[in-house]
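What follows is calculated from the coordinates using simple rules that are stated; it is not laboratory data. Everything numeric in this text was worked out from a predicted model, so none of it was measured. Cβ coordinates were reconstructed from backbone atoms using ideal geometry, including for glycine residues, and neighbour counts include every protein chain displayed.
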Amino acid sequence: MTIPLVSTSHPSKVRVGTRLTAGFALLVALTTALGLYCIRGIDRMHAAGDEVATNWFPAMNALAEYRAALDTMRRAEANYVMLDDSAGAALE
């Protein structure tokens, strides 16, 4: 003869109101925990955005200015190479 682990003949002794209150409290606790986790994530995103604004953008602007200067130099060099020999001789 086996003894059942859960008795199905007797209803639960915990009242419905108590179960509803416990379920609502659990739902509030989980929602609060999720909200706090999301706030931490937003703070990390804000810190990453500050890093991009203070470190990456100035570096990218400097690289863009450097590239523009190199392009200007390359254009000038190409124009010099493409000059006619007579015009090049006049410059020298």
Segment Phe24-Ala47, extension gain: residue separation times 0.36 nm, minus the distance between their alpha carbons: 4.8 nm
Extension gain, Thr54 back to Tyr80 (0.36 nm per residue minus Cα-Cα distance, nm): 5.4 nm
Label point distance in nm, Leu63-Leu36, each placed 7 Å from Cα along Cα→Cβ: 4.0 nm
